[in-house]
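Trainee: Sharing a structure, written as C-alpha cells. Questions coming.
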Amino acid sequence: MYRFSYVTSVAGKATEVDKELFHQIITSEKVKGVCAKIAQTLDASEISKLKRNLPAFCWHAWFDEGKRKNYAAHASGLIMMDLDHVEEPRKKYEELAESALAMGLLAAHVTPSTKGLRLVFPVPAGMDLVQAQTYYVQALKLENVDACTKDLARLSFCVPEEYFLHLDEERLFEGEEVEAAEPAEIPEHPECPEPSEHSGPYPEDYDGIPYKALVECLQELLGGVPAHGSRNNFIFSMAAYLRYVCNDDARWIKAVLPTYGEANDKWARTVESACQRAQYKAMPHIVKRAIDNARHMLAVANKSEDEEMGDLPPQMPAKLPKLIAHLTKNVPEVCRPAVANAVFPALASHLNGVKFRLIDGTEKEATFMCVTMAKQSSGKSAVNKPIEYIVADIVERDELNRRREQEWKDASANKGANKEKPKRPDDLCVQVLVSDMTNAAFVQRMKDAGGRYLYTNLEELDLLKQLQTNGTKDIGKIICLCFDNGKYGQERVGTQSVTARVDVRWNWNASTTIQKGIQFFKGRMVDGTLSRVNFCTIVQDKSLPFVYGKYDEKYAEVLKPYITNLNLATGLVECPQALALAHSMAEECAEKGALSDDDIYQDLAYRAVTIAYLKAMVLYLAHDMTWSKDIAEFVRWSLQYDLWCKNHFFGEQVEEEKAKEQVQKRRGRKNLLDLLPESFTKDDAAQIRKQEGRTESPLQMINLWVFRGYVEQDSTGRYVKTENYLKRAPSQPFQ
C-alpha cells in the first residue's frame, strides 16, 4: 500500500489517508457541491476562490506531525501528473488508458474545472519526482503537463467519486507497493515532442560540454524546474541566457531547451521573444557558472573509481577524540564529517558563564552556529539523533518549566477582566526552542534563561527569517549579535507585551540545499555574517552503505559523563595547549593567504580559527580537562574543513561582492535605466539593482519611471523605454 495525505484546506494540517477516509472525502456532499459550482463558473478568479473550499490530496508524500512542509515530507512512492487545458478529459483518458494501465496507473480523474486530467502512477525505482515525470511524459506522449512535480508538498484538489475514471483501490490501500514497468516493457510511441534532446543541424556540445548537461546546470542555478504560473518567465530567462552559447539563434535554442510542460506554441513564442531583446556584449556570470558546473559534473562522472572524485573536502582524521567518535559512530560513514562538526552548538549549550581567552587576549564564550549544506536526500538529518541525546537533560528540565508556564497561563486565563493577574514566574528557563518562534518569544526566552544559552535545531535555514532585529528583517545582524553576544531586544508599550534587552546567547543548527544556502547568504558575504557561521557538507558516495546504528540506553550512558563535565564547568577556563594550537592555526592561515595572495581566504580564516579554537576548548572540558593529540588533530582538520566549505560554496560570490564594494567606492551613482536594454522585465531590473549593490525590490523604482514617462508596459507585461526617454542625451553619473 501507499502512504499519502490530505488536507482540509490549503493551509491545513496533513492527515494520512486510508481507504475509509478516502471514500468519506470523495463521497462528501460538500466536495460534490463545490465541484458542481466550479463546473458552472467561467470567471477564473471565482473558480480559484471556490477551489479553496475543497479538501486536497497530497499524492506525493505523507508528513511528520502533520506539517505540510517539504522538510517534513516522506515520499509516498506516487507521482501525480497534472494535464492542463484538456477540453475533453474523458476522451483523452480513453486514448491513454491502454498504455497507462500497462504502466501501472493507480488513479485517474477529471479536475474540478472539468478542463483537466490527473493521473497517479507509482514512481519507478531509482527515480525522483522530476525524473519520473519525464519518464511518463515521454512514454505516453503527454502535452500540457504541469511541471512543478519537484515539490513533495504539492496539493491536488479533491473531486467527487463520479469524476474518477480509474481507481485501483487494492494497490493503493491494501496490496504491496507496485513498481512501474521497465521502459522496455512499455508500448512504443512516436518520439515525444519535448525538445530536451539535441536535434537539427547544430553542434551537439558547447566547448566539449553536451547541451543537455549545460541546460541542466543553468536550470539549477535559476532555481530548478519552474512551478505552474512561473514557467513563461523561467523559459524566457533560460532562452535569454542560452543565446550566449547557441549563437543567438532561436531555432538552435529550441533544439536544446525543454518546454517544462508549456504549450509548444506559447513556448516557441517565448523563446523568440527572448531572442529579440537587447543583449549584453559580455557573457553573463550565471552562464559562465553553468559552464563551469557542467564541466565539473562531467569531469567527476568520467573519472574511474580509482581516481580522485573532483574537489573534495579534507579527509577527517582516522582517530577521533572519544566524544566525537561516540557521537558519530551510529551515522552513515559519508555523514560523519558533517555530524562531527554539527554537534558543537548542542554541546556548548550546556556551558553557563564559561569563558575562554582568545589569541588576541580577549575573552569569549562558546558560541556556535552550524549550517549543513548538501544536496537533497543526502543525509542532512543524520545529526538529529546525536543532538537529541546531547540535549536530553536540558529538554527534561525544560519540560518542567513549560508545565509551570502553562499553569501560570491557565491561572491568568481563569481570572476575570477586573481581577489581578498572577505574576509570571521569573525562573522559567526554557533552553531548547522549537524552530517556529516569534521575535517576542525569542526575546522572552533569552530573558528567562538568565545567561544560559538557548538552542534550536532548525529544519530549514530559511526559518531564521521569521526573527527581526528591532524592525529590520536582516537576519545577518542576528547572526553577528549571536557570535559576539551583543545586545538584542525590543521596546513595547503594551502591558502584556515583551519589553527586554539582553545579551544574545543562542546556539543553533540548520540545514539547507546548496542553492538555497547560497541564495540565503547572498548580500551577506562581506559584512561578517558568513565568517561567523560554521559550515559543513555531505559528499555522497554510493559505494558506501548508508546505514544507521542503534540509539539506546547504552548510547546515552556512554555520553553522560561528557555532558556532566560540560554542565559542571565554570568561570574562565584556560588550556595552554589549545591556545598554542590557535596561534599555530592563525599563523598557518596567514601564511597560506599571503603566499596565494588571497585576501578572501584571510578574511574568512580570522573567525574560522576562533570557531576551531572554541571547539578545542569544548572538547577539553568534555574530556575532563584533559588535552590529547586526537583533539589537536581533529580541531586542525575542522578548521580546514570549515574553510573548504566556505571557499567551495561562497568563494566566487565573496570575490564578486568585494569587487562591487571597490567599484562603488570609486564611482558615483549610475543611471540604472541606462544600464537596462530597451525592453526589460522586473527581474532584469532587480538584477541591475543587485549589480549596483542595492537589494530591495525594483517595483517602486519602476513605478516611478512609469509615472515620469520614462518607460511603459507592453501587452506582454515587459517594460519598454519611451521614445521621449530614448531621445534624451545619455545620462551622466549622479553627483
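The values are calculated or read from the model by the stated rules, or taken from the named source; none is laboratory data. None of the values given here were measured: they were computed from a predicted structure. Cβ coordinates were reconstructed from backbone atoms using ideal geometry, including for glycine residues, and neighbour counts include every protein chain displayed.
Trainee: Looking at region 322-337, which of its residues are under 17 Å from Ile631 (Cα atoms), out of contact with any helix residue (DSSP H, G or I) (no Cβ under 7 Å at 6 or more places or on another chain) and of a type in the set (A, V, I, L, M)?
Mentor: Ala325
Trainee: Counting only residues that are outside any helix (DSSP H, G or I) and touching a residue at least 60 places away in the same chain (Cβ under 8 Å), how many does region 129-146 have?
Mentor: Residues flagged as outside any helix (DSSP H, G or I) and touching a residue at least 60 places away in the same chain (Cβ under 8 Å) within region 129-146 amount to 5.
Trainee: Out of the helices (runs of 4 or more DSSP H) lying entirely within region 495-605, which hold 2 or more residues that are among the basic types (Lys, Arg)?
Mentor: Answer list for region 495-605: 553-568.
Trainee: A further question follows. Name every residue in region 436-453 that is more than 11 Å from Leu467 (Cα to Cα) and part of a loop (DSSP other than H, G, I, E, B), in order of residue number.
Mentor: Gly450, Gly451, Arg452, Tyr453
Trainee: Is region 51-65 home to any residue that is among the acidic types (Asp, Glu), surrounded by fewer than 17 Cβ atoms within 10 Å (Cβ to Cβ) and farther than 30 Å from Asn457 by Cβ?
Mentor: no
Trainee: Show me the helices (runs of 4 or more DSSP H) found entirely inside region 178-259 where at least 2 residues are under 17 Å from Arg289 (Cβ atoms) and either at pLDDT 55 or above or not assigned by TED's automatic domain parsing to the domain that holds Ser99 (or both).
Mentor: By residue number, 211-221, 231-242.
Trainee: I would also like to ask the following. Scanning region 542-554 for residues that are farther than 11 Å from Lys385 by Cα and surrounded by 10 or more Cβ atoms within 10 Å (Cβ to Cβ), which turns out modelled with the lowest pLDDT?
Mentor: Leu544
One line per residue, one yes/no per condition, for (1) within 27 Å of the chain's Cα centre (by Cα); (2) closer than 21 Å to Asp168 by Cα; (3) assigned to a loop (DSSP other than H, G, I, E, B):
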position	(1), (2), (3)
Met1	no, yes, yes
Tyr6	yes, yes, no
Phe22	no, yes, no
Lys30	no, no, no
Gly33	no, no, no
Lys37	no, no, no
Leu42	no, no, yes
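Trainee: Residues to consider are Ala586, Ala569; find the one that is in contact with a helix residue (DSSP H, G or I) (Cβ under 6 Å, 6 or more places away or on another chain), over 26 Å from Val395 (Cβ atoms) and touching a residue at least 12 places away in the same chain (Cβ under 8 Å).
Mentor: Going through Ala586, Ala569 in turn, just one is in contact with a helix residue (DSSP H, G or I) (Cβ under 6 Å, 6 or more places away or on another chain), over 26 Å from Val395 (Cβ atoms) and touching a residue at least 12 places away in the same chain (Cβ under 8 Å): Ala586.
Trainee: Still on this structure, please answer the following. What residue, of Val354, Val434, Val430, Val383, is surrounded by 15 or more Cβ atoms within 10 Å (Cβ to Cβ), free of Cβ contacts under 8 Å to residues at least 60 places away in the same chain and either within 24 Å of Phe483 (Cα to Cα) or β-branched (Val, Ile, Thr) (or both)?
Mentor: Matching residue, one of Val354, Val434, Val430, Val383: Val430.
Trainee: Within region 280-297, work out how many residues are surrounded by fewer than 14 Cβ atoms within 10 Å (Cβ to Cβ), modelled with pLDDT under 80 and not basic (Lys, Arg).
Mentor: Total meeting the criteria: 4.
Listed here are the residues, each with its yes/no results for (1) hydrophobic (A, V, I, L, M, F, W, C); (2) out of contact with any strand residue (DSSP E or B) (no Cβ under 9 Å at 6 or more places or on another chain); (3) assigned by TED's automatic domain parsing to the domain that holds Ala556.
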{"residue": "Met369", "(1), (2), (3)": "yes, no, yes"}
{"residue": "Gln376", "(1), (2), (3)": "no, yes, yes"}
{"residue": "Val432", "(1), (2), (3)": "yes, no, yes"}
{"residue": "Met437", "(1), (2), (3)": "yes, no, yes"}
{"residue": "Gly451", "(1), (2), (3)": "no, no, yes"}
{"residue": "Asn457", "(1), (2), (3)": "no, no, yes"}
